[in-house]
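Taking it in order: structure first as structure tokens, then the write-up.
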Protein chains: 2
Amino acid sequence: MSDATTTDLYEVTMALSYLREGMTGPATFSLFVRDLPAERGFLVAAGLESALDHLSGLQVGPEDVDAFAAALHRPPRDLEPLLGLRFTGRVRAVPEGRVVLAGEPLLEVTAPLPQAQLVETYVLNQLSHQTTIASKAARCVLAASGHPVVDFSLRRTHGPQAGFQAARLGAMTGFAGTSNVAAATAVDVPAVGTMAHSFVEAFPTEEEAFRAFARAHPGPVTFLVDTYDTEAGVRVAARVLRDLDLGPGCAVRLDSGDLEDLAVRARAVLDGAGLRDVRITVSGGLDEYAVDDLVRSGAPIDVYAVGTRVGVSADAPYLDSAYKMVEYDGRPVMKLSSAKVTAPGQKQVFRRPGCADVIGLADEPPPPEGTPLLETVMRDGRRTGERSTLGECRERFAADLAALPPAARRIRAPVAPRATPSERLSTLTDHVRRRLAERTAAPAARHGVSEPSPSGSHRSVPS
Amino acid sequence: MSDATTTDLYEVTMALSYLREGMTGPATFSLFVRDLPAERGFLVAAGLESALDHLSGLQVGPEDVDAFAAALHRPPRDLEPLLGLRFTGRVRAVPEGRVVLAGEPLLEVTAPLPQAQLVETYVLNQLSHQTTIASKAARCVLAASGHPVVDFSLRRTHGPQAGFQAARLGAMTGFAGTSNVAAATAVDVPAVGTMAHSFVEAFPTEEEAFRAFARAHPGPVTFLVDTYDTEAGVRVAARVLRDLDLGPGCAVRLDSGDLEDLAVRARAVLDGAGLRDVRITVSGGLDEYAVDDLVRSGAPIDVYAVGTRVGVSADAPYLDSAYKMVEYDGRPVMKLSSAKVTAPGQKQVFRRPGCADVIGLADEPPPPEGTPLLETVMRDGRRTGERSTLGECRERFAADLAALPPAARRIRAPVAPRATPSERLSTLTDHVRRRLAERTAAPAARHGVSEPSPSGSHRSVPS
């Protein structure tokens, strides 16, 4: 079985229906986040590379057909119209690492309707998850105000795969390292970490533990000093560090207690021992809020290790993302029910100074000082260019972060800029809404009467 | 590279140090959740099968050694002591599906110290994540009070792997189905789902959409009725259902708006059309709180589809889990710093009526009416029995759920039962705490003086 079965069953039933009805005209689906969580002033686009890997590798094989058939309690021959299906469409998307706002398409897929529908679940999963985590990580970097931040999240992310992404996305937003060996190897970010409390406990004394560690690991070490009494632990670490003279780059790590107070005491002990170069790393339940408090306190902390709360984005573990059809066979479409209105048509986002973004139609010219965010990244089911390197993503993020308005950068009570629709998009939205409202109100609607769209490119669909 | 690199770097540095020092005596690590989130009255043990798969498959190969070496900036030959390392230890654990409480070991690993340490990250990740999600899913089943609950979470879980687990763990706690085809195929739970709003939008009218769907899918269908105007959509669905006479098992789905009110209206329309057998399914941002409200309202809802908030356990997306060394080479050990005290020694949990559990030592007899929760599941690195089937896990959960006190079952403001330590465990904890406190206070401690443990099995460790 391939990744083709990692999907919601309804994608399969819909694709089958479309094939049966001959509805294979081009459809465009737009993926965006409706509203930002209250705790977010901006999002960081991520997940695109994983989504493109899925799209370029997708092929419905015989085992997938068997799985679909079993799920539907139907004979495999009923599912054969799906056999061999590949993704042959076009993808326009915001490159990973760029800052995005509510309502802005992160990605638009244009493909024959059954394909565009079938890929919904997987693409939505990757972009939603990775954008959630990248946006959380970005706030940690902001809170640390230039101090290095490292990722310790692997032990409590939602599975090992999510742990890998947490490390990668942290690195994308400027983390200085990760404890995750697999991720460090794969994405070229430094691996960090030295010892746990259990290491100290395995020796008769802290001093023996520290000395044994230094024997096994030439070069700089970090001693964990809070296994028993933290201040005493710092004194032991200082004595061993002075004795062994391990050179620059050594540190002590505080993992519990009042980190602000303990950092002040640890600094005093280290300075008193002439160890001004020995750094202080803190960890233990940290997120951007805690880092912000510690940085503002002026505590003499050098490195912040964040973990679980960042790896699962604890205060906002998901985004209100959507993958909505905005055009089918040349006809702009939208959903009207309740508050969840979706603007119709293929779109472009124009980034303007101060993130005063404009969401317009894909074929309209940029507004003054506006540059488009969405790029064509896949055509005929194939990537149009090289995969982005982590370095490129990091540069995009750093540039966009520097251009964010201060209120969006705040850790507490951030204010997210709002993109505005272009005049052409507003006109189209009003037109399609009126058309649909008339249709659902009129009895004729129940019998299939439709109207051409204002673009004039409407072709009737088989019924 | 194998899963061996899906670990924190410090596991590798510690394992290397232990090997260098000849510290390969047996160590026991205990994995438990320190405190439950305020929103949880109990936990459901999960993740064991994934952890055992990892342990039985673990083997450090040449590529892993290269990755470790690169991460540490050292030549591969320095890492060769790890080459070929496998897990050869013993695991005692609470089987998946059982209810557990704060402080109760979910799993204890006893293995040569370097191995027991190296596996920490992966085992902690799997048990923490899966126990988090299973515990959330269990609350949905409770809230639904006998109505079927199905899983729609795949689109916004933390990656596809997490989506798979959400489906599996939902099924373990009694969900009636999942939208996830891969999971439904792998774990033998029904796949569910029919159409999205985009399907309805792709046709000129709702009616044409519903009729086309029924043409492609013989048998029961679920029509999504809220794409435009919900009540009008129900009327269209009713007409098509009456016309086509599709037999039992059909439904309408409401995915937005005031679900209580809309369900009442939809029921009236369906009943008025003589469609008393057509069921009403609701979805859209549901979790156990929303399900509880809807059930209590008496709304005529038949099936609850829960998604994102359950798949990421939005109100408590992680657990305060720990993997702590409790014994090394026959010596009970514990960590003293701040509030995070860990009780020493190998343990057993005795389940007593009403979840009045006792946490005791592994070798003590059960208290009155107490039955042990931890079983030996791996010996010499090999599983001692068959992998649990989903059905077995489900039965364990159902039995434990029925025995939970009412306050623990509450959706809002639940009260979790607290396990109490046995007299023998309390005595041991006091003894080890005193021994450690004396050691850190006395200057002699700095020079490695230690004492035998009360168990008399203390052997000194190399230093």
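Given the residues A:Arg418, A:Arg331, which is the only one that is among the charged types (D, E, K, R) and within 14 Å of another protein chain (Cβ to nearest Cβ)?
On inspection, the qualifying residue turns out to be A:Arg331.
Suppose we keep only residues that are touching a helix residue (DSSP H, G or I) at 6+ places or on another chain (Cβ under 7 Å) and open to solvent by 30 Å² or more (accessible area, probe 1.4 Å) within region B:186-226. Which one would you say is nearest to A:Leu436 (Cα to Cα)?
Restricting to residues being touching a helix residue (DSSP H, G or I) at 6+ places or on another chain (Cβ under 7 Å) and open to solvent by 30 Å² or more (accessible area, probe 1.4 Å), the top hit is B:Arg211.
Yes/no per residue for (1) within 30 Å of A:Ser145 (Cα to Cα); (2) open to solvent by 80 Å² or more (accessible area, probe 1.4 Å); (3) not in a helix (DSSP H, G or I):
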| position | (1), (2), (3) |
| --- | --- |
| A:Arg396 | yes, no, no |
| A:Asp400 | yes, no, no |
| A:Arg418 | yes, yes, yes |
| A:Leu425 | no, no, no |
| A:Leu428 | no, no, no |
| A:Arg433 | no, yes, no |
| A:Leu436 | no, no, no |
| A:Arg439 | no, no, no |
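Within region B:125-160, count every residue that is at the interface with chain A (Cβ under 10 Å from one of its Cβ atoms), open to solvent by 10 Å² or more (accessible area, probe 1.4 Å) and part of a helix (DSSP H, G or I).
Of the residues in region B:125-160, 4 are at the interface with chain A (Cβ under 10 Å from one of its Cβ atoms), open to solvent by 10 Å² or more (accessible area, probe 1.4 Å) and part of a helix (DSSP H, G or I).
In region A:314-330, what residues are touching a helix residue (DSSP H, G or I) at 6+ places or on another chain (Cβ under 9 Å) and in a strand (DSSP E or B)?
Those that are touching a helix residue (DSSP H, G or I) at 6+ places or on another chain (Cβ under 9 Å) and in a strand (DSSP E or B): A:Ser321, A:Ala322, A:Tyr323, A:Lys324, A:Met325, A:Tyr328.
Could you list, in sequence order, the residues of region A:234-259 that are within 21 Å of A:Val306 (Cα to Cα) and either β-branched (Val, Ile, Thr) or without any contact (Cβ under 8 Å) to a residue 40 or more places away in the chain (or both)?
A:Gly249, A:Cys250, A:Val252, A:Leu254, A:Ser256, A:Gly257, A:Asp258, listed by residue number.
For A:Gly284, state whether it is more than 20 Å from A:Ser153 (Cβ to Cβ) and open to solvent by 10 Å² or more (accessible area, probe 1.4 Å).
For A:Gly284, the condition - more than 20 Å from A:Ser153 (Cβ to Cβ) and open to solvent by 10 Å² or more (accessible area, probe 1.4 Å) - is not met.
Among the residues of region A:255-297, which ones are among the charged types (D, E, K, R) and under 32 Å from the mean Cα position of the chain (by Cα)?
Listed by number, the residues that qualify are A:Asp255, A:Asp258, A:Glu260, A:Arg279, A:Asp287, A:Glu288, A:Asp292, A:Asp293, A:Arg296.
What helices (runs of 4 or more DSSP H) completely inside region B:1-87 contain at least 3 residues that are in contact with a helix residue (DSSP H, G or I) (Cβ under 8 Å, 6 or more places away or on another chain) and facing another protein chain (nearest Cβ under 7 Å)?
So the answer is B:9-21, B:62-72.
Taking the condition of being surrounded by fewer than 17 Cβ atoms within 10 Å (Cβ to Cβ) and more than 12 Å from every other protein chain (Cβ to nearest Cβ), how many residues in region A:241-259 meet it?
Residues flagged as surrounded by fewer than 17 Cβ atoms within 10 Å (Cβ to Cβ) and more than 12 Å from every other protein chain (Cβ to nearest Cβ) within region A:241-259 amount to 6.
Among the candidates A:Ala209, A:Ala182, A:Ala238, single out the residue that is within 20 Å of the chain's Cα centre (by Cα), in a helix (DSSP H, G or I) and either modelled with pLDDT of 95 or more or at the interface with chain B (Cβ under 9 Å from one of its Cβ atoms) (or both).
After applying the criteria, what remains is A:Ala182.
Only one residue in B:Arg276, B:Arg265 is open to solvent by 40 Å² or more (accessible area, probe 1.4 Å), more than 13 Å from chain A (Cβ to nearest Cβ), touching a helix residue (DSSP H, G or I) at 6+ places or on another chain (Cβ under 8 Å) and in a loop (DSSP other than H, G, I, E, B). Which one?
That would be B:Arg276, the only listed residue that is open to solvent by 40 Å² or more (accessible area, probe 1.4 Å), more than 13 Å from chain A (Cβ to nearest Cβ), touching a helix residue (DSSP H, G or I) at 6+ places or on another chain (Cβ under 8 Å) and in a loop (DSSP other than H, G, I, E, B).
When residues of region A:290-320 are filtered for being more than 14 Å from chain B (Cβ to nearest Cβ) and open to solvent by 50 Å² or more (accessible area, probe 1.4 Å), how many remain?
Residues that pass the stated criteria total 3.
Examine region B:321-328 for a residue that is over 30 Å from B:Asp430 (Cβ atoms), more than 9 Å from chain A (Cβ to nearest Cβ) and open to solvent by 40 Å² or more (accessible area, probe 1.4 Å), and state whether such a residue exists.
Checking region B:321-328: not a single residue is over 30 Å from B:Asp430 (Cβ atoms), more than 9 Å from chain A (Cβ to nearest Cβ) and open to solvent by 40 Å² or more (accessible area, probe 1.4 Å).
Looking at this structure, is A:Ala202 at pLDDT 95 or above and outside the structural domain of A:Gly25 (by TED's automatic domain parsing)?
no
Which of the following residues is touching a residue at least 12 places away in the same chain (Cβ under 8 Å), within 12 Å of chain A (Cβ to nearest Cβ) and at positive phi: B:Gly103, B:Gly193?
B:Gly193
Filter region B:158-182 down to the residues that are touching a residue at least 24 places away in the same chain (Cβ under 8 Å) and farther than 19 Å from B:Val291 by Cβ and list them by number.
Scanning region B:158-182 gives B:His158, B:Ala162, B:Gly163, B:Gln165, B:Arg168, B:Asn180.
Given the options A:Thr28, A:Thr24, name the one that is surrounded by fewer than 17 Cβ atoms within 10 Å (Cβ to Cβ) and either of a type in the set (D, E, K, R) or within 21 Å of A:Glu327 (Cα to Cα) (or both).
Result: A:Thr24 is the single residue among A:Thr28, A:Thr24 that is surrounded by fewer than 17 Cβ atoms within 10 Å (Cβ to Cβ) and either of a type in the set (D, E, K, R) or within 21 Å of A:Glu327 (Cα to Cα) (or both).
Using the structure shown, decide if B:Gly163 is open to solvent by 10 Å² or more (accessible area, probe 1.4 Å), within 7 Å of chain A (Cβ to nearest Cβ) and either assigned to a strand (DSSP E or B) or among the small types (Gly, Ala, Ser) (or both).
No.
Could you give me the residue pairs with C-beta distances under 7 Å whose first residue belongs to region B:391-418 and is closer than 16 Å to B:Leu169 by Cα, whose second residue is of a type in the set (D, E, K, R) wherever it lies, and which are 6+ apart or on separate chains?
Pairs found: B:Cys393/B:Glu96; B:Arg396/B:Arg98; B:Asp400/B:Arg98.
Any idea how many residues of region A:352-383 are in contact (Cβ under 8 Å) with a residue 24 or more places away in the chain and either loosely packed, with under 14 Cβ neighbours inside 10 Å or part of a strand (DSSP E or B) (or both)?
15
Just one of (1) in a loop (DSSP other than H, G, I, E, B); (2) under 20 Å from A:Val312 (Cα atoms) trips up A:Pro218, so point out which.
Result: A:Pro218 fails condition (2) only.
How many residues does region A:214-231 hold that are within 12 Å of A:Leu246 (Cα to Cα) and at the interface with chain B (Cβ under 7 Å from one of its Cβ atoms)?
The total comes to 2.
Output the residues belonging to region B:196-206 that are among the hydrophobic types (A, V, I, L, M, F, W, C) and either facing another protein chain (nearest Cβ under 7 Å) or not in a helix (DSSP H, G or I) (or both).
If the condition is that a residue be among the hydrophobic types (A, V, I, L, M, F, W, C) and either facing another protein chain (nearest Cβ under 7 Å) or not in a helix (DSSP H, G or I) (or both), then B:Ala196, B:Phe199, B:Ala202, B:Phe203 are the ones that fit.
The values are calculated or read from the model by the stated rules, or taken from the named source; none is laboratory data. Predicted model only: the values in this text are computed from it and were never measured. Every residue, glycine as well, gets a Cβ built from its backbone with ideal geometry; the counts of neighbours run over all protein chains shown. Quick note on the areas: whole protein, heavy atoms, side chains included, nothing else; ligands and nucleic acids left out. Shrake-Rupley method; radii C 1.70, N 1.55, O 1.52, S 1.80 Å.
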